[in-house]
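Peer 1: Provided herewith is a single structure, encoded as structure tokens, for subsequent inquiry.
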Amino acid sequence: MAKLILLLLELCIIFCVVHAVFEDQVGKFDWRQQYVGKVRFSHFDTQMQSSKKVLVATESNVFAALNSRTGELFWRHVDKTGPEGNIDALLHHAQDAILVVGNGRVLRSWDVNIGGLNWEVLLDSGSFRSASLVGQQGTVKHVAVLKKAFISVHYLSNGHQKWIENLPDSETVDYQTVYSGGNGHVLVLGVVPHSHITIVVYSMEDGEIIKQVSVEAPWLSNIPASCVVVGQGILMCADSTTMSLNTLDLHQQTQMTQIPLQSLGLEADPDFHPSLMSHQPNAAQKPLSEFFLQLGPERYLLLQLNNGQIVTLRDFNPALLASFATTGEKTVAAVMSPKNKTVSKSQISLLFLDACSINLFSADTGRRLLDTTLIFTVDPNGGKPEKLHVQAFLKKDDSVGYRVMVQTEDQTLTFIQQPGRVMWTREEALSDVVTMEMVDLPLTGTQAELEGEFGKKADGLFSMVLKRLSSQLIMLQAWIAHLWKLFYDARKPRSQVKNDISIDNLSRDEFNLQKMMVMVTSSGKLFGIDSKTGAILWKHYLDNIPSNAAFKLMVQRTTAHFPHPPQCTFLLTEILYISFFFFFGGRSQVTPPALPQPILQSLMLPLMDQDYAKVLLLVDDQYKVSAFPSTKNVLQQLQETASSIFFFLVDSSQGRLSGYRLRTDLSTEQVWEVVIPTEVQKIVFVKGKRPNEHVHSQGRVMGDRSVLYKYLNPNLLAVVTESTDMHQERSFIGILLIDGVTGRIIHEAVQRKARGPVHVVHSENWVVYEYWSTKSRRKEFSVIELYEGMELYNSTVFSSLDRPHAPQVLQQSYIFPSSISTMEATLTEKGITSRHILIGLPSGGILSLPKMFLDPRRPEIITEQSREENLIPYAPELIIRTEWFINYNQSVSRVRGIYTAPSGLESTCLVVAYGLDIYQTRVYPSKQFDVLKDDYDYMLISSVLFALFFATMISKRLAEVKLLNRAWR
Amino acid sequence: MLQRGKLQLLWLSMHTALVLVSCFTDMETGPGAGLSTQPNGDKFKIEGRAIVPGVKTQDWVSTARVLVEGEEYVGFLRTDGSFAVNDIPSGSYVLEVVTPTYRFEPVRVDITSKGKMRARLVNYIKTSEVIRQPYPLQIRASGPHSYFMKRETWGWTDFLMNPMVMMMVLPLLIIVLLPKVVNTNDPEMRKEMEQSMNMLNPNPELPDVSELMTKLFSGSKGSSKAGSSSKGSRPVAKRR
């Protein structure tokens, strides 16, 4: 009972404390962008002419249906990350989509219209080779899945297995493809590398082997890469060593027929492996007898196999991409060819736009179809086109119309309609954001003028008054212009008023709530995104980025130094190092220093060079330090301050943490070293505090009016270790608090019977971490707070070298009823606002948990003093309330990181959650105390004021009359 | 505080031990199986069905997922609301059906090394308490998620029911209405009233406060203004 009362009390407090989203605020300050990842398979839903669905299966283990008119998602299914959710194949028939997932472990059928699962069957283990729909007598009712050692056939309607057969000699023969020509047979093609092809023909009815043939093919090792089935079951293989095409009738022949390319009058590029592409419009029918042969990176040929003779229908040179598409009875071939176009724009600049034109050709004749040209403009900041997905449809006059979805190297999807109108683009690179920064927007001209007035030295009263008046005039002018614009816009219909956001008209708003998000994606594409609307302002694609590279993004110069453009530095560990002006998205003119050695550590110093760029120190693996920019001025400043520059290095493979000091000659000296034995535990990560964090109050006022001072060490590092022994009884996680300058271990805590993954937030004087308790099988939060005690040792300045007293450590743990994806603390301008911890949950919600709940001083027994302090009584379980979800029903999949940035308003913190989706919003941890709420009732207050005014007027009159009457009496 | 936390833990563990003993007969499926299973052990399948009363399954299954122990194992819902999560080794797991619109209670599922299944209520504090749930799982939505706080709306009733306003309005009513109800012309009544007034004012020499006030502010309209403004400022104060 007492517990219940406590809980009620707690709820009461929560109700008073916590801010939630109001329903009318939906979409007002927040936006979400949903992504699917790099597309691996795509199918247009062609069962109905009016269907608008594009099915995509991606490398991020996502299966989704896009709206082909708008590019938005109809539905999306996010599977487990890693190989178990990997999508191996996507087959599409009528309104079912068949997916093979997890190296052939699961076969799923999805209902395309609803987005729900029809059925799901588990297949026997074995590595997946190929899957194909099997047709019989004009209908498709089965799907065949080929694995390393067996083949199984399932019904499309319910997934039940029709038959399963072991493959003959599966130890020696590498079976690679399954093919069905719609005649009641299933053909399995296997290869013994450098020897022969094995063809096994199964009967569709009962899985009986009808025929087994071996064909000599010593040059062949990979069937899917070099062979296709064309026409009446004829296997066509391209051999790059002899530069020939080899044909084999799968039903009759036992010998390959070699047709040298030269005999067709063709010549392949010397070091290019020719490849083939065929098209089977329907699994119940045989493939087309026309096929593409790619002879070079920019050369395609449309060929036809006619009674064993190969006929060249058309030679496409140059051609970047080619693809078949079928609608109704007609099959067309779409070919993309480069088209270099020079556009001159009002004599100022010549823009070289690399454009491509796409044309349709009749597949059976190779004739170009009239009026089918479509222009695709290649984004100069993007990548080259990589894949062409064509949606063909019959127009009213029975001619073929089409739309294309072009996939480029930078994972962009562009959907184009004739004659080149871009219907939508999707930047799928944003599905994998690695790191981001939020940067202030620059001031406008008028704002800068006003700022300048205060910056300059005073020169006489009169001129200052004049200046004041002139700036006031400018403000008035701007205001009138603004009013005029409002008025002008109000007259126009709503649809026409489009706030065109571009780099040129972006400027800081009153409270600095609008910022630019600079995002780095794993594909090497950089984005500048407006935080208010989510519009992409600029993008920049860096090709040839290694897939496992680690990125670091640093703001070297903010917008505060007006004539100098703002500058971000983008560091790609160990390889190269690029610096760019983020505001225009282009690279800067500053040449980055050549880095002969890999970089171990990079630090941003508060020092600035004469151009107000912060100094970046790079430490290479020889422990040599280089500065960037490295002008004389900077080096001199560095020499002066070298004695106070310390840095640390982490070597997690050897479990070593070491601290270094900078010498005046820019060499380094080791100061301390902490070795954590790698046999017992490994360092998971090391977390310092955020450099831009402010702490407003030095201490906490206790119930008895004394002050408990916080231990605010800016050099404190939280080191998290996990035990190497994963046994549930012996596993543990450790947390070490180390001073980064002196190497002094401030505190060490070990959580027994605990396991990772550990998530840590380190801020102010506290560390919050979350782990898995193996004993109770639940997630637990633990909080450590450090206090100096009742008096401060040196209240003016903190020095790691001069702190004799060890801080007091308080710790408390709680149960958390969900697992979490990531965690971050809110951040505000001056640190007055109370803190919340933002927790990304696997369910897609972002929980804003007040730090009040994670306070080691929460008492078990409420006393007068604890009530005075507003401490919530201790309860072992933290509650998740959906009202605390800052993203209400806009769930964010696979949150990988949460970025928080302060705004110009102390109450407001900007939040960006990124993962598969990107979600941006604002949070007010202590409610909006410094600005009128957005639902502020102006009507009410003005009506009350007016009412009062009139009431006074009337009562004044009445009083006068009364006085007069009294005087007459 | 640390000490206290430890004590609490100790108490908890003792409690769990107690519960452990009490439900010993059921314990072969218990948490001991945990995560200590061999990697090559058998894999099992958790099956069940999620129901949102009164809503067609087509309308919500496309946004739903079944999560087992965070995102460790993921399952999807069939068009009839049933689901299966495959390839789960024996152990004890918390299974959740997540959708952005409807709320489902999580369920703990225990799987023995032989593949026997048991579902029970999730209790993070007493982790070994067993309150059986049906298996195959039947998870019923307990309503839509409530994400939003209600805005404080301003209505006349709120204003009138404000205690301060009540305190002001009621005396006003009495002052206005009472003289009309009570017949003041009746001499008896007048006498009675005078008496009661004298009772209230024990010292007749002392000047009446109201009289004093009228004298002070006579000639100026101050009194009426002050009164009305104090009345009016209340709603403003309330809004902030």
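Peer 1: For A:Val555, what is the net charge nearby, where nearby means another residue's Cβ is under 9 Å from its Cβ and Lys, Arg count +1, Asp, Glu -1?
Peer 2: Local charge sum for A:Val555: +1.
Peer 1: Right, here's the next one. Express the relative contact order of chain A as a whole percentage, based on alpha carbon pairs under 8 Å and six or more residues apart in sequence.
Peer 2: It rounds to 6 percent for chain A.
Peer 1: Also: Could you tell me the distance between the Cα centroids of the stretch A:628-655 and the stretch A:869-890, to the nearest Å?
Peer 2: After rounding, the separation between the Cα centres reads 43 Å.
Peer 1: With each label point set 7 Å from Cα along the Cα-Cβ vector, what nm distance links A:Thr312 and A:Thr444?
Peer 2: Result: 6.3 nm between the two label points.
Peer 1: In percent, what relative contact order does the stretch A:597-675 have, based on Cα pairs under 8 Å that are 6 or more apart in sequence?
Peer 2: In percent, rounded to a whole number, it is 22.
Peer 1: Using DSSP, restrict attention to beta bridges with both residues in the stretch B:44-144 and report what percent are antiparallel, rounded to the nearest 5.
Peer 2: If we restrict to bridges inside the stretch B:44-144, about 85 percent are antiparallel.
Peer 1: Quote to one decimal, in nm, the extra length available between A:Asn67 and A:Thr172 on full extension: 0.36 nm per residue of separation minus the C-alpha distance between them.
Peer 2: Additional length available on full extension: 33.2 nm.
Peer 1: While we're looking at this one, here's another question. Can you give me the C-alpha center-to-center distance between the stretch A:130-174 and the stretch A:294-309, rounded to a whole angstrom?
Peer 2: One Cα centre to the other: 30 Å.
Peer 1: Counting helices only, and only those DSSP H runs with n ≥ 4, report the 222 nm mean residue ellipticity of chain A as the sum of -39,500 (n - 2.57) divided by its residues, in deg cm²/dmol to the nearest 500.
Peer 2: -3500 deg cm²/dmol
Peer 1: Moving on to the next point. For peptide B:59-70, how many partner chain Cβ atoms fall within 10 Å of a residue's Cβ, on average?
Peer 2: If you average over the peptide's residues, the count of other-chain Cβ atoms is 5.
Peer 1: Next question, about the same structure. In a shell of Cβ-Cβ distance under 11 Å around A:Leu303, excluding A:Leu303 itself, what net charge do Lys and Arg (+1) and Asp and Glu (-1) give?
Peer 2: -1
Peer 1: Could you give the DSSP H helices of chain A that reach 18 angstrom or more along their long axis (alpha carbon positions) and whose average Kyte-Doolittle hydropathy is no lower than 1.6?
Peer 2: Membrane-span-like by this criterion, though nothing is claimed about a membrane: A:2-17.
Peer 1: So how far apart, in nm, are the two label points at B:Glu194 and A:Leu394 if each is 7 Å from Cα heading toward Cβ?
Peer 2: For B:Glu194 paired with A:Leu394, the spin-label model returns 11.1 nm.
Peer 1: Can you tell me what share of the DSSP beta bridges in the protein assembly as shown is antiparallel? A percent to the nearest 5 is fine.
Peer 2: So the antiparallel bridges amount to about 95 percent of the total.
Peer 1: What does the charge count near A:Asp24 come to, summing +1 for each Lys or Arg and -1 for each Asp or Glu among other residues with Cβ under 10 Å from its Cβ?
Peer 2: That works out to -1.
Peer 1: Could I ask something else about it? First obtain the Kirkwood hydrodynamic radius of the protein assembly as shown from its Cα pairs, then insert it into the Stokes-Einstein equation at 25 °C and 0.890 mPa s, and state the resulting D in µm² per second as a whole number.
Peer 2: Value of D from the Cα-based Kirkwood radius: 68 µm²/s.
Peer 1: Follow-up. Compute the FRET efficiency between A:Ser834 and A:Val961 as 1/(1 + (r/R0)^6), taking r as their Cβ-Cβ distance and R0 = 41 Å, and round to the nearest 0.05.
Peer 2: 0.15
Any read-out appearing in this document is the output of simple, stated calculations on the displayed coordinates, not a laboratory observation. Predicted model only: the values in this text are computed from it and were never measured. We place every Cβ from the backbone using ideal geometry, glycine too, and count neighbours over all the protein chains shown.
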